[in-house]
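Take a look at the structure below.
The values are calculated or read from the model by the stated rules, or taken from the named source; none is laboratory data. Bear in mind the structure is a predicted one, so any value in this text is a computation, not a measurement. So basically every Cβ, Gly included, is an ideal-geometry build from the backbone, and we count neighbours across all protein chains shown. Please note that ligands, DNA and RNA were not included when accessible areas were found on the heavy atoms of the full protein model with its side chains. Shrake-Rupley method; radii C 1.70, N 1.55, O 1.52, S 1.80 Å.
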Amino acid sequence: MSKRQEQILQIVKDHEPITGEQIAEMLNLTRATLRPDLAILTMSGLLDARPRVGYFYTGKTGMRLVSERIRKLKVKDYKAPPILVEESVSAYDAIVTLFLEDVGTIFVVNKERHLAGVISRKDLLRASLGNKNLEDVPAGVIMTRMPNIITVGLEDSLFDAANKLIEYQIDSLPVVIPVEGRKNTYEVVGRFTKTTITRAFVEMGKEEVI
Ligand code: ADP
């Protein structure tokens, strides 16, 4: 925040409600000079402007504003494309897909292209133990399967999705749309991973800070 914005904030805290004219007078500046600062303070949620009354201090601290902002971010705006394989492909092919697509988790779909399960790196490592021929092990046998799959919806918040990753100690969630009238039946429209959260975090860090 600039020195002048800090001064404005203090004046509003001490004298609210107060008009832009009155603030300008106290700072020996013109109303026009103050306009961009007032706009920034209002947009950031620190001040509230009421027509014909003046400016109020909202009482929201920086952390509260950041947390409100985080809770507004939606899965649909950050999700990545899903990497899907059919249940019948082999564990060997699943490993190849993992490398080719450069992901840590792949989602498995049934013949109707609905979510059937999830295969993670550890599932594949487990399948590789022993002398099994991985070309003969179907993905459907080694996956974690429905209805035990933790999912998120497009309208869910990034925050709730991140919470699920922590709560269930997993790296990735399929982003799904429920198929109407059918229990536990989902179309997979995206993937939500720890990388998704990291990207959102980095983007927010790049935003203009007041
Ligand atoms: P990694 O194998 O790299 O540690 P995870 O921690 O995501 O990856 O996976 C741990 C276990 O949880 C695996 O058996 C995997 O099949 C399962 N799993 C992964 N994602 C989900 C999910 N969204 N819902 C249910 N189970 C999952």
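Residues in region 42-101 that are surrounded by fewer than 18 Cβ atoms within 10 Å (Cβ to Cβ) and small (Gly, Ala, Ser): GLY45, ALA49, GLY59, GLY62, SER67, ALA80, SER88.
Each row is one residue, and each column tells you yes or no for (1) under 21 Å from LEU173 (Cβ atoms); (2) touching a residue at least 40 places away in the same chain (Cβ under 8 Å); (3) not acidic (Asp, Glu).
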residue: ARG71; (1), (2), (3): yes, yes, yes
residue: VAL75; (1), (2), (3): yes, yes, yes
residue: SER88; (1), (2), (3): no, yes, yes
residue: TYR92; (1), (2), (3): no, yes, yes
residue: LEU98; (1), (2), (3): yes, no, yes
residue: ASP102; (1), (2), (3): yes, no, no
residue: PHE107; (1), (2), (3): yes, yes, yes
residue: ASN110; (1), (2), (3): yes, no, yes
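In region 1-115, which helices (runs of 4 or more DSSP H) lie fully inside it and hold 3 or more residues that are more than 25 Å from the chain's Cα centre (by Cα)?
Per the criteria, 3-15, 20-26, 31-43, 91-101.
Condition first: within 13 Å of the chain's Cα centre (by Cα), surrounded by 16 or more Cβ atoms within 10 Å (Cβ to Cβ) and farther than 19 Å from GLY117 by Cβ. Can you find one or more residues in region 187-195 that meet it? No: region 187-195 contains no residue that is within 13 Å of the chain's Cα centre (by Cα), surrounded by 16 or more Cβ atoms within 10 Å (Cβ to Cβ) and farther than 19 Å from GLY117 by Cβ. Applying a threshold of 7 Å to beta carbon distances and a minimum spacing of six or more residues, or different chains, the list of pairs starting in region 47-69 at a residue that is on the phi > 0 side of the Ramachandran plot and small (Gly, Ala, Ser) and ending at one that is open to solvent by less than 70 Å² (accessible area, probe 1.4 Å) and modelled with pLDDT of 85 or more reads GLY54/PRO17; GLY54/ILE18; GLY54/THR19.
Taking region 170-186 as the search range and keeping residues that are of a type in the set (S, T, N, Q) and open to solvent by less than 50 Å² (accessible area, probe 1.4 Å), which one is nearest to the ligand (Cβ to nearest atom)? Give the steps one after another, and end with the answer.
Looking only at region 170-186, we keep the residues that are of a type in the set (S, T, N, Q), and these are 172, 184-185.
Now drop any that are not open to solvent by less than 50 Å² (accessible area, probe 1.4 Å), which leaves 172, 185.
Numbers: SER172: 5, THR185: 16 Å.
Here the residue is SER172.
Restricting VAL176, VAL202, VAL209 to those that are at pLDDT below 95, of a type outside the set (D, E, K, R) and more than 14 Å from the chain's Cα centre (by Cα) reduces the list to VAL209.
Just to be sure, is ARG50 within 23 Å of ASP14 (Cβ to Cβ), more than 16 Å from the ligand (Cβ to nearest atom), of a type in the set (D, E, K, R) and modelled with pLDDT under 95?
On the way: within 23 Å of ASP14 (Cβ to Cβ): yes; more than 16 Å from the ligand (Cβ to nearest atom): yes; of a type in the set (D, E, K, R): yes; modelled with pLDDT under 95: yes.
Against the criterion (within 23 Å of ASP14 (Cβ to Cβ), more than 16 Å from the ligand (Cβ to nearest atom), of a type in the set (D, E, K, R) and modelled with pLDDT under 95), ARG50 qualifies.
Does GLU167 count as loosely packed, with under 13 Cβ neighbours inside 10 Å, more than 16 Å from the ligand (Cβ to nearest atom) and modelled with pLDDT of 95 or more? No; evaluated as a whole, the condition is false for this residue. Picking from residues in region 167-189 that are among the aliphatic types (A, V, I, L, M) and either touching a strand residue (DSSP E or B) at 6+ places or on another chain (Cβ under 7 Å) or not assigned by TED's automatic domain parsing to the domain that holds LYS122 (or both), the one that is farthest from PRO147 (Cα to Cα) is VAL189. One residue stands out among those in region 108-161 that are open to solvent by 60 Å² or more (accessible area, probe 1.4 Å) and of a type in the set (Val, Ile, Thr): the one that is farthest from the ligand (Cβ to nearest atom), which is VAL141. Scanning region 20-41 for residues that are aliphatic (A, V, I, L, M) and either in contact with an Asp or Glu (Cβ under 8 Å, 6 or more places away or on another chain) or open to solvent by less than 80 Å² (accessible area, probe 1.4 Å) (or both) gives ILE23, ALA24, LEU27, LEU29, ALA32, LEU34, LEU38, ALA39, ILE40, LEU41.
Considering only residues that are among the aliphatic types (A, V, I, L, M), part of a helix (DSSP H, G or I) and touching a helix residue (DSSP H, G or I) at 6+ places or on another chain (Cβ under 6 Å), look in region 116-130 and name the one that is farthest from ILE150 (Cα to Cα).
Here the answer is ALA127.
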